[in-house]
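No value in this document is a laboratory result; all are computed from the given coordinates. Since the model is a prediction, treat every value here as computed from it, not as a measurement. When we count neighbours, we look across all protein chains shown, and the Cβ atoms used for this are built from the backbone with ideal geometry, even at glycine.
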Amino acid sequence: MTLADGLSSDDVRSLVEDQDGNVWAGTSNGLNRIQYLSASGTKHSSIVSTYDLSDGLTGMVFNPNAVYTDKTGKIYMGTTEGYIAFYPRKIPANKSIPQARFTELLLSNEVVNPEEKRGDHTVLPISIVGLDKLILKYNETNFSIRFSAFNFIQPNKNKYRYKLEGVDKEWIETSRSTGVASYSNLNPGRYILKVYAGNQDNVWSPQPIEMQIVVNPPFWFSWWAIGTYIAVFVLLIRWFIKYRLKRKQDQLDQNARMLEADKLHEIDQLKLKFFTNISHEFKTPLSLIISPLEMLLKKIAIRNKKQHWESCIKMRRNCLRWSTIYWIFGN
């Protein structure tokens, strides 16, 4: 058994068993009574009571092995400040089970009264004693909750165990007449504060009291604000996709127009090449025809043959027409 099990110190100086089977341990930090309740194998269930100067001890540090029990069951134990003597049966254990209750709420070290308005809302619609759910705004996260065991037999030795689920990983234990749990800068969310109460003889409440604590987010982190952000984001993504698709389509249309223009230009070049080749095919024969025709016209003119003259003129005109067509397409 150690300090974690309820002893006032791990430095045990003297041990003695009383007539009822309870063990009294004098330590370097007070006196303890160990009451074994049951045993299962090697594991024992026990209640450890602690006594100090307020209970009548002459000193807190006990001398090693300075202990004696007389025939009547009276126990004598020596301390560095003298000795003590007592009858164990005249020191009854407080077996009443404490009932923990929440008693007070503080925001930024200021007491909050029931139905008191803070800003635009009421933090405590009723007394915190009857409240099981506390709703706080995002700027009200520096708070303290006080609780009491409502045990009035040596209340200064009341003990508490508390944990805020969602924040604390281990139980926090404190010893004072009134317990208090303080927290600051909690993130928006839901938490549960659980509290056990114990008396001076380590009798604990079987079930903890619970307070559900809800910290609301600021309006820019509320569900409707987040929904708005998501909607705007989706619209931006949609606009961006449409913009990118339109740019892609415009680029495809431009490429198609350029491709069509290239094809038309290629067709024009083929036509031009075709007519150029045709004109070249006519150039040489026409040259060979025109020259003799001009010589023939000169001879006919000399001989004054009108009928042959008109036929030759007509042939010459046709040849010149074809020569003009060649000149147009050839150049």
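Peptide packing for 24-30, 74-80 was compared via the average number of neighbouring C-beta atoms within 10 Å per residue; ordered from the highest value, the list is 24-30, 74-80. Taken over the C-alpha atoms, the range 3-90 has Rg and Dmax values of 12.7, 40 angstrom. Both radii come from the Cα set of the range 55-152: Rg as radius of gyration, Rh as Kirkwood radius; their ratio Rg/Rh reads 1.34.
Considering every Cα-Cα pair within the range 101-220, what fraction, in whole percent, is farther apart than 17 Å? Result for the distance tail: 56 percent.
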